[in-house]
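Note sheet for the following structure.
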Amino acid sequence: MDRRTAQWTVTPNGGWEGLHCNNEASISEIGPEYCLIQIQAVSLNYRDVAIPMGAYPMTSHAGIVPCSDAAGIIIAIGKSTTRFQVGDRVCTAFNPAHQSGLTSPEKRKYSLGNVADGVLRKRAVFHETALVKAPHTLTSIEASTLSCAAVTAWNCLFGLKGRTLAPGEWVLTQGTGGVSLFAIQIALAAGATVVATTSSKDKMAKLKDMGVQHVIDYTEESNWGEYAKKLSPGGEGVHHVIEVGGETTMSESLKAVRMEGVISLVGFLGGADSERKCGFVDCLRTLAIVRGITVGPTEQFEMCNAYIDKFGIKPVVDDAVFGFDQAREAFQYLWNKRNYGKAVVQID
C-alpha cells in the first residue's frame, strides 16, 4: 500500500501564506486499534481560520495539519479494532480524549487541528476512539460538518443534567454560524420555540424558511435581549441562550434569559467590548446557570447523530464547496464571512 498522502499544514500567525500543501506526506503505521481513513470531506470552523490569522487564544505548534471536522470511509483496520469494519462511513471526533462524562485539563490536550494533527489531508490513521459512525441519512459533505458545531449545539441543549431542553421551551440563538444553525435545527425538532438574531434581511428570510418562529434584526433592535424576553410567554424570558458573541453580546443574553435558565458560552466572535461589560450582579440577578462549552464527549456525538437520523436533520452547507487544492481560498472565504452555513472542502 502506498504510504504517502497529500496534506495541508499551517503555521500559526503565518496568514494564508502559512498554509502549505505537501503531496508526499507519510502515513503512519496502522496500529492494532487504529483505522486508516479515506477522507472525503472536511468542514471549517472559526478556530481553523483564526489560527493562521493570529486570532486564536490557545497555543498551536507550527506545521500541524489543520481542521478537526471530517467525514470519510474506513479502508483498513488494525487487528484489534472492534468498533468499526472496513467500509464503514465515519466522522472524526473533535477531541478524541473526551469519550464521556465531564472534561478535564488532561482531556482537553488532544483536540485535532490544534494540538494533534487534524484532518485536512486525503488519508489518515486514527485510533478507533477518535471516530464515530456517520449518520446514514447524510452525505459525506453533510456529515463533515458535525464534529464541532453540531456536538457543541447538542451539548448546549442536552448536555446539562436537570436542564435539558424540553418541548415547549424557548431557545435564543445568535447569528447564523454553524453552532447557532445546528442549535436551531435541534431545538425545532425537539418542539421548542426559537428566537434568532441576525443583521441581514436575506438571512432573516432564510431563518424563517428553516422554521424559526421569531427573528430579530439586532442592527434595528439594539436591546434585543429585552425584546426577546418580552416575546416569551409571560415575558419571563427564554430557557436556553446559545451565547456565541462573547463580551459584546453577554449583557443582552442576561437580559433575555429567564430565572434559572441556562446560558451556554460557546464563542468569542464579537471580540472585546469595553462598553458592554456585565458582572457578578448581572449574573446573580438572573439566577441563571452560565456554562462554558468546549464541544462535547464522543458519547454525545453518537447521541447527536442518532437524533439527526431520527428527525431527518440536514446540515446547512454553504453553496460554495471547495476542492482540496483550494484550501487557502476556503479559509479566506470563511474568514471574510462570506458563507451561510458550513464552508466545506471536498476531497477527491
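Give the range 197-237 a look and list any residue that's closer than 26 Å to LYS314 by Cβ and among the acidic types (Asp, Glu), or say none. Show your work before the answer.
If we filter the range 197-237 for residues that are closer than 26 Å to LYS314 by Cβ, which is where we start, we get 197-217.
Scanning the range 197-237 gives ASP202, ASP209, ASP217.
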Notebook entry, point to check: For the range 53-72, how many residues meet the condition of being modelled with pLDDT of 95 or more and either aromatic (Phe, Trp, Tyr) or crowded, with 23+ Cβ neighbours inside 10 Å (or both)?
Noted result: 7
Checklist line | Number of the exception - GLY101 against (1) at negative phi; (2) of a type outside the set (A, V, I, L, M, F, W, C); (3) touching a residue at least 40 places away in the same chain (Cβ under 8 Å) | finding: (1)
Note to self: Can you tell me which of (1) surrounded by 14 or more Cβ atoms within 10 Å (Cβ to Cβ); (2) under 27 Å from ASP318 (Cα atoms) is the one GLU33 doesn't meet?
What the structure shows: (2)
Next item on the list: Take the range 290-314 and flag every residue that is within 24 Å of LYS107 (Cα to Cα) and not aliphatic (A, V, I, L, M).
Entry: ARG291, GLY292, THR294, GLY296, PRO297, THR298, GLU299, GLN300, PHE301, GLU302, CYS304, ASN305
Next item on the list: Inspect all residues belonging to the range 11-19 and state whether any of them is in contact with a strand residue (DSSP E or B) (Cβ under 6 Å, 6 or more places away or on another chain) and either under 16 Å from LEU131 (Cβ atoms) or aromatic (Phe, Trp, Tyr) (or both).
Entry: no
Next item on the list: Scan GLU299, GLU247, GLU243 and give me the residue that is modelled with pLDDT of 95 or more and surrounded by 14 or more Cβ atoms within 10 Å (Cβ to Cβ).
Entry: GLU243
Next item on the list: Could you please find all residues in the range 171-189 being touching a strand residue (DSSP E or B) at 6+ places or on another chain (Cβ under 7 Å), closer than 12 Å to VAL212 by Cβ and modelled with pLDDT of 95 or more?
Entry: VAL171, LEU172, THR173, SER180, ALA183, ILE184, ALA187, LEU188
Check: Name the helices (runs of 4 or more DSSP H) wholly within the range 232-348 that hold at least 3 residues that are within 20 Å of the chain's Cα centre (by Cα)?
Finding: 298-311, 327-335
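Condition check ((1) of a type in the set (S, T, N, Q); (2) touching a strand residue (DSSP E or B) at 6+ places or on another chain (Cβ under 9 Å); (3) assigned by TED's automatic domain parsing to the domain that holds ALA166; (4) closer than 26 Å to PRO167 by Cα) across all residues:
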{"position": "ASN223", "(1), (2), (3), (4)": "yes, no, yes, no"}
{"position": "GLU252", "(1), (2), (3), (4)": "no, yes, yes, yes"}
{"position": "ILE263", "(1), (2), (3), (4)": "no, yes, yes, yes"}
{"position": "PHE280", "(1), (2), (3), (4)": "no, no, yes, no"}
{"position": "THR298", "(1), (2), (3), (4)": "yes, yes, no, yes"}
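Consider ALA76 carefully, then state whether it is at pLDDT 95 or above and surrounded by fewer than 17 Cβ atoms within 10 Å (Cβ to Cβ).
On the way: at pLDDT 95 or above: yes; surrounded by fewer than 17 Cβ atoms within 10 Å (Cβ to Cβ): yes.
Yes.
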Checklist line | Set ARG89, ARG108: member being at pLDDT below 95 and closer than 28 Å to LYS342 by Cα | finding: ARG108
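The values are calculated or read from the model by the stated rules, or taken from the named source; none is laboratory data. It should be emphasised that the depicted structure is a prediction, and the values quoted were computed from it without experimental measurement. Here Cβ is always computed from backbone atoms with ideal geometry, including for glycine, and neighbour counts include all displayed protein chains.
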